[in-house]
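What follows is a single structure, written as structure tokens, with notes after it.
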Amino acid sequence: MQEYRFIDALTFLYHTFAHSTDGEISVAEEEKIVEKILGWKLIHNAAELRETIQRSHRWYLKALEEGNLHENIQETMDMLKMSELNEAVRVNVINDLMDIAMADGEVYETELKWIRSLAKNWDIEMNL
């Protein structure tokens, strides 16, 4: 992936999670992703939000096209882990993913597997 900010990494992670776990992003998931991104209070206006989401979408599509989505996901997870996020912040990211998974009214096993994998990668104990 390219050089990006913390919020870009989160947006890519949320977008990739929502799309890659069940093959689509519902309107409810899109709305939940926006809510979660705004909840970090790192976006200051609508234009910045739109730009951040569009950049994430472009990175996602490029990774799909180049066949390296899995590597980009792993790189993003590792980058976030190495950014010295404290455990509370890592748990918040995991909780955000669970909220995104529940947004469309159905939690798929692939979503739970993805969340478990991230939690394990980040040394977070989860009972899912």
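Read-outs throughout are calculated quantities, based only on the coordinates presented, and are distinct from any laboratory measurement. It should be emphasised that the depicted structure is a prediction, and the values quoted were computed from it without experimental measurement. Virtual Cβ from ideal backbone geometry, glycine too; neighbours counted across all protein chains shown.
Assorted remarks:
- In this simple spin-label model, placing a label point 7 Å from the Cα along the Cα-to-Cβ direction at both Asp123 and Asp99 gives a separation of 2.6 nm.
- In the structure shown, the pairs Lys36/Lys120; Lys41/Lys81; Lys41/Lys62; Lys32/Lys113 are assessed against 25 Å; a Cα-Cα span above that value is assigned to Lys41/Lys62.
- A Förster radius of 22 Å, combined with the Cβ-Cβ distance separating Glu35 from Arg55, puts the computed FRET efficiency at roughly 0.75.
- Each label was represented as a point 7 Å from its Cα along the Cα-to-Cβ direction; for Ala47 and Ser83 these points are 2.4 nm apart.
- FRET efficiency for the Tyr108 to His70 pair, using the beta carbon distance and R₀ = 25 Å, is estimated at 0.90.
- Over region 6-128, relative contact order from alpha-carbon pairs under 8 Å, at least 6 apart, %: 37
- From helices alone, the chain scores -23500 deg cm²/dmol at 222 nm; the rule is -39500 (n - 2.57) for each run of n ≥ 4 DSSP H residues, then divide by the residue total.
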